[in-house]
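Report on the following structure.
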Amino acid sequence: MIHCSNITKRYGRLEVLKGIHMQVEAGEIVSIVGASGAGKSTLLHIIGSLDKPDTGMVKINDVDLFGLTDKALSSFRNQEIGFVFQFHHLLPEFTALENICIPAFIAGVSKAEATKRALELLDFFGLVERSSHKPSELSGGEQQRIAVARALINKPAVVLADEPSGNLDSTASTALHELFFKLRDNFQQTFVIVTHNPVLADMADRKLHILDGMISHPH
């Protein structure tokens, strides 16, 4: 479902990615590991079309992302790619329910339909009673689960997660990791997860290790 070929990226003289080839199947959970500065987040941002490679191609469901116009790419990203970051990036002035709905509103979904879908996600996550709470009234684990629900509201082809449990304590981390697998098992949701958390990395269906700007294949 995701096909990356010969992805290279440099910042000035620093060559961060030196020819990445990778594929991800639908319904697969893939973790990306490597030392700080190895290019993990850069690769994730390129797969998510937040950054452009110097060379190479990214296809999601046979759509060549960097062959699209800016407007078409923006629309594709909103509807087909969900993002979860280390910091939840919830808007403080909005409730949990409103935060989840925002990508749906951007996609032109009606308020009634977006609210219905958001409440279904809150129910699945066990957070219905927190729907009217602002982010400041939620625990770190709850805030991150709301961020995951927001990533899922448009039923994306893939969720890209960058250190999703990096800011959570071990209990909340475990709950978040289990949630990813529950989402995969229930909805065939595909995940690509950059993580320093060895437990999460090893739970994934496949673990890709980035070393010196390349995916290193264990011998």
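The values are calculated or read from the model by the stated rules, or taken from the named source; none is laboratory data. Quantities reported herein were computed from a predicted structural model and do not represent experimental measurements. Neighbour counts are summed over all protein chains in view; Cβ atoms, including those assigned to glycine, are modelled from backbone coordinates with ideal geometry. For the accessible areas, the whole protein counts, side chains as well, though only heavy atoms, and no ligand, DNA or RNA atoms are used. Shrake-Rupley method; radii C 1.70, N 1.55, O 1.52, S 1.80 Å.
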| remark: Conditions (1) at pLDDT below 90; (2) open to solvent by less than 50 Å² (accessible area, probe 1.4 Å); (3) in a helix (DSSP H, G or I) -> Ser74 fails only (2)
| If you scan the stretch 46-78, which residues turn out to be in contact (Cβ under 8 Å) with a residue 60 or more places away in the chain and under 17 Å from His3 (Cβ atoms)? | Ile47, Gly48, Ile60, Asn61
| task | Name every residue in the stretch 171-217 that is over 17 Å from Thr42 (Cα atoms), of a type in the set (Phe, Trp, Tyr) and crowded, with 21+ Cβ neighbours inside 10 Å, in order of residue number. | result | Phe180
| message | Considering only residues that are surrounded by 18 or more Cβ atoms within 10 Å (Cβ to Cβ) and either closer than 25 Å to Gln86 by Cβ or not small (Gly, Ala, Ser) (or both), which ones fall in the stretch 46-61? | response | Ile46, Ile47, Gly48, Ser49, Pro53, Val58, Ile60
| request: Only residues that are open to solvent by less than 30 Å² (accessible area, probe 1.4 Å) and outside any strand (DSSP E or B): list them for the stretch 1-42, please. | output: Gly27, Glu28, Gly34, Ala38, Gly39, Lys40, Thr42
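Take Gln79 and decide whether it is in contact with a His (Cβ under 6 Å, 6 or more places away or on another chain) and of a type outside the set (Lys, Arg). Give the derivation first.
Details: in contact with a His (Cβ under 6 Å, 6 or more places away or on another chain): no; of a type outside the set (Lys, Arg): yes.
Considered against the rule, which asks whether it is in contact with a His (Cβ under 6 Å, 6 or more places away or on another chain) and of a type outside the set (Lys, Arg), Gln79 comes out as no.
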| Subset of the stretch 182-205 that is part of a strand (DSSP E or B) and within 13 Å of Ala26 (Cα to Cα) - its residue that is farthest from the chain's Cα centre (by Cα) | Thr190
| remark: Within the stretch 9-23, restricting to residues that are free of Cβ contacts under 8 Å to residues at least 60 places away in the same chain and at negative phi, the one that is nearest to the chain's Cα centre (by Cα) is Gln23
| Picking from Leu160, Leu168, which residue would you name as being out of contact with any Pro (no Cβ under 8 Å at 6 or more places or on another chain) and open to solvent by less than 10 Å² (accessible area, probe 1.4 Å)? | Leu160
